[in-house]
Amino acid sequence: MALTDTSIRNAKPGPKPKKLFDERGLFLLVQPSGGKLWRLKYRYLGKEKKLSLGIYPDVSLKVARERRDEARTILANGTDPATVKAALKDEAKEAAANTFASIGEEYVAKMEREERAAVTIKKTQWLLSLLNRDLGKRPISEITPAELLASLKDVESQGQLETARRMRSLSGRIFRYAVATSRANADPSALLRGALTAPKVKHHSAILEPEAVGGLLRAIDGYSGQPLTLLALQLTPHVFVRPGELRRAEWQEFDLDEAIWTIPAEKMKMRDPHVVPLSKQSLALMESAKAISAGQRYVFSSLYPGKRPMSENTINAALRRLGYSGKEMTAHGFRAMASTLLNESGKWSPDAIERALAHKDSNAVRGTYHRGTHWHERLEMTRWWSDYLDQLRVGGEVVEFPSARVADPTT
């Protein structure tokens, strides 16, 4: 006789386990403790087996029957339902272990093994913490584009457009890492391109007028702070690398005899090694720095204890001390200064200037070491640029730039 909800509720425990049968192998096992467990009795490959279907009343009679029918369908297709259940349980455990947060932590650890910059690691961890608020406990393979977008939109709604954009970018890298390590099948962030409001491009403040540049250079020469800070300030206009690349410059990267500075790929924004030619003015500044920090790892080391590079805020703080506000000039602004004045000079090809700025080139770099693209032109440009800065510094006559451009000798 088939079971009813009433008969199940009224079933009393006895001194031994008691079976109450329903239909098609389904029965309720009433334990002496009072627990009521759903079981399915079936035969597979000639052997009698039992399958657990849940606990009453969490699993009702109706649901128990549905689970019985699902199991019998699997059995009719020639598969042991117990094997399927065990596989699903293993998948659930694996999914629970492979949460977005855990995969994200793995990705950050990978970045640390790759010796990414400490500031990059710190920013990545902060962005990951924002993503983890909504997605951290979710199995990474189950996160949908809509779910990710909702999390990003929540940040965007607070006016943090750039943060939301960076969160989407980081989530994409984490999802692709999960795909590569067989913990996910797709990157849902790829479907969200264009879904967020694009932040306005923020340009770094820079002095671009030649006469004002001369005033800045003279002000720098009058800086009365730490000697290494002064030397970093003086060298920056000549080499116009990114601030992080300058402050983390190591002595082992320099060949002063060959007058070159080779910045390794892991320190570069574009992850390509970058070779910087050094003018005679740059070499003189490096010799002065050698007298202070030659025995240390970093050229521009921190004052205490001297085993780390100077702070990322040092150059900007020095500019403020010289009286230049953040709206007038920044450490990054020296790059805009060089780019603008070099292009306006009409003497150098835009490609050579872009290479000097270490901007990504769509073409592969030809040759190696000092035989890279536009190298010979960059050598001449470096000498001219440093001489031009000296001219501006002493307040010499500002040369009117011609409109014609000199052809690139390497092409």
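Quick note: the coordinates plus some simple rules give every number you see, no bench work behind them. None of the values given here were measured: they were computed from a predicted structure. Because the Cβ atoms are built from the backbone with ideal geometry, glycine has one as well, and the counts that use them run over all protein chains shown.
Taking only the alpha carbons of region 132-288, what extent do you get along each of the three principal axes, in Å, biggest first?
59, 34, 25
Rank Ala195, Ala86, Ala356 by mean-square fluctuation in a GNM of the chain with C-alpha springs under 10 angstrom and give only the top-ranked residue.
Result for the chain, Cα springs under 10 Å: Ala86 fluctuates most.
So for the chain, averaging the separation of alpha carbon pairs under 8 Å that are six or more residues apart and normalising by length, what relative contact order in percent results? Mind dumping the intermediate values first?
Numbers: 522 pairs, mean separation 44.8, N = 411.
Once normalised by length, the contact order is 11 percent.
Tilt of helix 210-221 relative to the longest C-alpha principal axis of the chain, in degrees (0 to 90, nearest 10)?
With both axes taken from Cα atoms, the answer is about 90 degrees.
What do you get for the angle between helix 100-113 and the principal long axis of the chain? Use alpha-carbon atoms, 0 to 90 degrees, nearest ten.
40
Quick one: Debye curve from the C-alpha atoms of region 86-187, no solvent, what's log10 I(q)/I(0) at q = 0.23 Å⁻¹?
Evaluating at q = 0.23 Å⁻¹ gives log10 I(q)/I(0) of -1.25.
Hey, what did region 40-98 get for relative contact order, percent, Cα under 8 Å, at least 6 apart? Let's see the in-between values first.
Numbers: 26 pairs, mean separation 13.5, N = 59.
So the answer I get is 23 percent.
Tell me the mean residue ellipticity at 222 nm calculated for the chain from its helices only (DSSP H runs of n ≥ 4, each -39500 (n - 2.57), averaged over every residue, nearest 500). Write down the numbers at each step before the final one.
On the way: 15 runs with 194 residues, N = 411.
Helix-only estimate at 222 nm: -15000 deg cm²/dmol.
Which of Ala87, Ala352, Thr163 sits farthest toward the positive end of the charge dipole of the chain, with +1 on the Cβ of Lys and Arg and -1 on the Cβ of Asp and Glu?
Comparing the listed Cα positions along the dipole, Ala87 ranks first.
The chain: percent of C-alpha pairs farther apart than 29 Å?
Numbers: 53204 of 84255 pairs.
Counting every Cα pair in the chain, those more than 29 Å apart make up 63 percent.
Please identify every one of the trypsin sites (Lys or Arg not before Pro) in region 287-360 that sits in a loop by DSSP and has no more than 13 other beta carbons within 10 Å of its own beta carbon. Could the numbers behind the result be given before it?
On the way: sites: Lys290, Arg297, Lys307, Arg320, Arg321, Lys327, Arg335, Lys347, Arg355, Lys360; in loops: Arg297, Lys307, Lys327, Lys347, Lys360.
Passing both the DSSP loop test and the Cβ count: Lys307, Lys327, Lys360.
Check region 100-192 and count each lysine pair with an alpha-carbon distance under 20 angstrom, considering only pairs eight or more places apart or from different chains. Don't skip to the answer; put the middle values down first.
Working: Lys110/Lys122; Lys110/Lys123; Lys123/Lys153; Lys137/Lys153.
Going through region 100-192 pair by pair, I get 4.
If you bin every alpha carbon distance in region 210-393 into 10 Å steps from zero, what whole percent lands in each bin?
9, 39, 38, 13, 1
Pick out, in residue order, every one of the trypsin sites (Lys or Arg not before Pro) in region 154-212 that is DSSP loop and has at most 10 other C-beta atoms within 10 Å; say none if there are none. Before the final figure, lay out the partial values.
Working: sites: Arg165, Arg166, Arg168, Arg173, Arg176, Arg183, Arg193, Lys200, Lys202; in loops: Arg183, Arg193, Lys200, Lys202.
Counting only loop positions with at most 10 other Cβ atoms within 10 Å, the trypsin sites (Lys or Arg not before Pro) in region 154-212 are Arg193, Lys200, Lys202.
Rounding to the nearest 20 debye, state how big the charge dipole of region 8-145 is about its Cα centre with +1 on each Lys and Arg Cβ and -1 on each Asp and Glu Cβ.
On the way: 29 positive and 18 negative charges, 213 e Å.
Dipole about the Cα centre, nearest 20: 1020 debye.
Could I get the Rg over Rh figure for region 5-91? Both from C-alpha atoms, Rh via Kirkwood, rounded to two places. Present the calculation step by step, with values, prior to reporting the outcome.
Values: Rg = 13.4 Å, Rh = 13.6 Å.
With Rh from the inverse mean 1/r over Cα pairs, Rg/Rh is 0.99.
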